[in-house]
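Since every read-out is calculated from the coordinates, none of them should be taken as a lab result. Just so it is clear, the structure is predicted and the values come from calculations on it, not from any experiment. Methodologically, a virtual Cβ is constructed for each residue, glycine included, from the backbone with ideal geometry; neighbour enumeration extends over all protein chains shown.
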Amino acid sequence: MIIKAKNLTRTYPTKIPCLALKGVDFSIKQGEFTAIMGRSGCGKSTLLHQLGLLDIPTTGELFIDETNILKLSEAEKSHFRLKKLGYVFQEYALSPELTALESVYLPLMLQGTGKEEYLAKAAEVLGKVGLDKRLNHLPGELSGGEQQRVAVARAIVNNPKILFADEPCANLDSESSDLVMKLFQELNQKLGQTIVMVTHEPEDKKYAGHIIWLKDGLLEREEK
Amino acid sequence: MIKDLKVSYFLALKAITRGNKGTLILTVLILALSFINLSFIPSLLSGVVDSMNKQSVNNLFANIIIEPGEDETYIKRVSNLQSKINSVPGVIGSSAHYDVGAVFSYDEDRNGKDVKTGSWGVRSINLEDEKRITTTYQMVVEGEYLEEGNRDKIIIGKEISGTYGSELEHRSLKGVKVGDELTLTFNNGIQREYEVKGIFNSKNVQVDTMAFITEREMESVLKLNDRASEIIVKIEQTGEEDRYIEKFRSMGIVKEEIKSWTEYMGMAQSMIKSFAIVKLILVAIGLLVAAITIFIVIFVNVVNRRKQIGILKAIGMREEIIVRSYILQSFFYAVCGVGLGFILMNFLIVPYFIAYPLSFPFGLVNLIVNPRDLFVSSLSLIVASLIGGFIPSWRAAKESIINAIWGS
């Protein structure tokens, strides 16, 4: 199992403590395309944040690639995220001052990859997502769909063990959404990329081989 | 470490080269002005102190002043003393003065009506000696300087004549011109008439309230010979006065009081001390303003990039890399600001004040840029900028990824 969650809870310390996850158990196998689904406010994004080490569970256990995540220091978590995880956010989240190529090679730079290698790798990955002619364009010069494909390229450039996506098509038109989802499908089917995606679009179910349904912070059911 | 530095540098470089150019120019300009603000006041105060010192050395006291010993009115055997002093290597020369108070009367219409009077000091000078010591002979603005053999001639400062922009015009003789007759009643009761041969303007009130007559004339008034109220001594190296004073004493000049010019700068010294405090306060305020400015610039920058910072952390970038990139940006702003400020200060402001010096009661004042002050200002501004850049970026980088990206 690449992800194993045991009795995962998350309480936000607001005036009236908000129990967003109430104890969730599940496992995800390597190479699976998992969709986390459910109504708004059911805890989908909260769960993704815990899995992606963007937030800390209040209680429970979480193993990713056989590492007990809750025992990692902040620096170790940063390193873990850099080496093993990739993220695609809802709103592209690209730096306005970096070209497509620079955005994509940044994680490789962080890993200490040599210049020639990171330039070649970033260009190759951008080619894979169909942006080989937009390498030196800034985000402001790209469409929403193109920006999201740059974000996907950035997320996969360091060959992560798991690719997390938080409603990646929420801000895209249907054509761009199809392109991004087909890209995910291709990554999963051709390269065996493990993908965990939060979505509220029922039609996205067709891309996922494993669906986790959440309701009111609890695991309602799993579909495989 | 080097890899992390490279990433910080990369982020900073892109933020600077592709960020908002208006913000960049404005920030650099603000820092340049902060630098000028930090440098201008110390330079002005240095200029004031330098002007006061130069005026005192060049026109009033020279470097060393020898006065009569206790219970003596005059120094005796002056020629002998001057020969001894002048034989010391490094001594440029000495000049003996008689200083006497006198009441000046000016009857402009020579009819005994509306006679203007006032009391000022009269100093006798040995023309040859004096020209080696003071620069008053260069400051005659009307008429001529005294000459050997002048017995009934006098030169007066503009504060006595009441002309040439006199600062104390109300206490002057209100409009004395070269060629006018003045009646002087000396402290010993002797009254003599003098023709005004020249009027000088040293731009120093203390000098410009004096009048000069020749040594021979004064000796005839006082009925004295080879004596002096003071001997002033000029040496080659200002600052070496104590060494020369020791030397003079070792040569047997022990009855007389020997002092450095700095001992006569009582009021000026307290002003200089006050200037140092004022300078410190202004520099501290200037630095605080600069630090707050850069803090605001980086803070606004960071607030606008809160989400970006969250994303960078999410992809595995450590906090220190992010903070370092903002510190590098601050460093860039500070260095550009200091550089621009330095250019403006040295190639625009200082030359302007050399061409159009400020007029103070003790003389004209230029800006004196002290390299040490400049270095301290530059370094302080850079450090203040780094702190101003560090605090907001550190706070932003410490924020949780969730808060940074989605805000709460």
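Please rank A:E97, B:E72, fewest neighbouring Cβ atoms within 10 Å first, as an exposure proxy.
If I rank by nearby Cβ atoms, fewest first, I get B:E72, A:E97.
What is the Cα convex hull volume of segment B:5-116 when expressed per residue in Å³?
326
Which semi-axis lengths, in whole Å and largest first, follow from the square roots of five times the eigenvalues of the Cα gyration tensor of chain B?
So the equivalent ellipsoid measures 65, 24, 15 Å along its semi-axes.
Around B:N403, with a cut-off of 12 angstrom between Cβ atoms, what is the net charge of the other residues, counting Lys and Arg +1 and Asp and Glu -1?
+3
If you take every residue apart from B:G175 with its C-beta less than 14 Å away from the C-beta of B:G175, what net charge results, scoring Lys and Arg +1 and Asp and Glu -1?
Net charge around B:G175: -4.
I'd like the distance separating the alpha-carbon centroids of segment A:95-161 and segment B:85-128, in whole Å.
What the calculation gives is 87 Å, centre to centre.
So what's the Cα pair-distance distribution over chain A, bin width 5 Å, in %?
Result returned by the calculation: 1, 7, 15, 19, 20, 16, 12, 7, 3, 1, 0.
What do you get for Rg/Rh of segment B:336-388 when both radii come from the Cα atoms and Rh is the Kirkwood radius?
Ratio of gyration radius to Kirkwood radius for segment B:336-388: 1.10.
What is the antiparallel percent of DSSP beta bridges lying wholly in the protein assembly as shown, to the nearest 5?
Rounded to the nearest five, the antiparallel share is 70 percent.
Karplus couplings for segment B:8-20 from phi (6.51 cos²θ - 1.76 cosθ + 1.60, θ = phi - 60°), rounded to Hz, Gly and Pro as x?
Running phi through 6.51 cos²θ - 1.76 cosθ + 1.60 with θ = phi - 60° gives 4, 4, 4, 5, 5, 4, 5, 5, 6, 6, 10, x, 5 Hz.
Where nothing but the Cβ of Lys and Arg (+1) and of Asp and Glu (-1) is charged, how large is the charge dipole of segment A:3-223 around its Cα centre, in debye to the nearest 20?
It works out to roughly 580 debye.
Taking every DSSP beta bridge that has both residues in chain A, what percent is antiparallel when rounded to the nearest 5?
Close to 55 percent.
With only alpha-carbon atoms in the gyration tensor, what are the semi-axes of the equivalent ellipsoid for the protein assembly as shown, in Å, largest first?
Output for the protein assembly as shown: semi-axes of 89, 22, 20 Å.
Sum up the charges of everything whose Cβ sits under 11 Å from the Cβ of A:G60, counting Lys and Arg as +1 and Asp and Glu as -1, but leave A:G60 out.
Charge balance in the 11 Å sphere: +2.
Run the helix sum for chain A: -39,500 (n - 2.57) per DSSP H stretch of 4+ residues, divided by residue count, reported at 222 nm to the nearest 500 deg cm²/dmol.
Here the helix-only value at 222 nm equals -10500 deg cm²/dmol.
Per residue of B:318-329, what is the mean number of Cβ atoms on other protein chains within 10 angstrom of that residue's Cβ?
The mean count of partner-chain Cβ atoms within 10 Å per residue comes to 1.
Sort A:C169, A:C18, B:C336 so that the residue with the fewest other Cβ atoms within 10 Å of its own Cβ comes first and the one with the most comes last.
The order, fewest Cβ neighbours first, is A:C18, B:C336, A:C169.
Taking Cα pairs under 8 Å and at least six residues apart, what relative contact order does chain B come out at, in percent?
Relative contact order of chain B: 28 percent.
Starting from one equal scatterer on each C-alpha and no solvent at all, send me the Debye-based log10 I(q)/I(0) for segment A:95-216 at q = 0.09, 0.22 Å⁻¹, two decimals.
The Debye formula, applied to the Cα set alone, gives -0.25, -1.31.
Across peptide A:52-63, how many C-beta atoms of other chains are within 10 Å of each residue C-beta, on average?
Across A:52-63, the average partner-chain Cβ count within 10 Å equals 2.
Taking H as built 1.01 Å from N, whose amide H comes closer than 5 Å to the amide H of A:Q90, not counting residues under 5 places away?
Amide H neighbours of A:Q90, under 5 Å, 5+ apart: A:D166.
Rounded if a/c is under 1.5, else prolate if a/b is larger than b/c, else oblate: which is segment B:63-260, with a ≥ b ≥ c the root eigenvalues of its Cα gyration tensor?
prolate
Using Cα pairs under 8 angstrom and six or more residues apart, how large is the relative contact order of chain A, in percent?
Contact order relative to length: 30 percent.
Under 12 Å Cα to Cα from A:K133, which aspartates and glutamates show up? Leave out anything in the same chain fewer than 8 places away.
A:E124, A:E146
Within segment B:12-80, list the trypsin sites (Lys or Arg not before Pro) lying in a DSSP loop whose Cβ has at most 16 other Cβ atoms in a 10 Å radius.
Qualifying residues, ordered by number: B:K76, B:R77.
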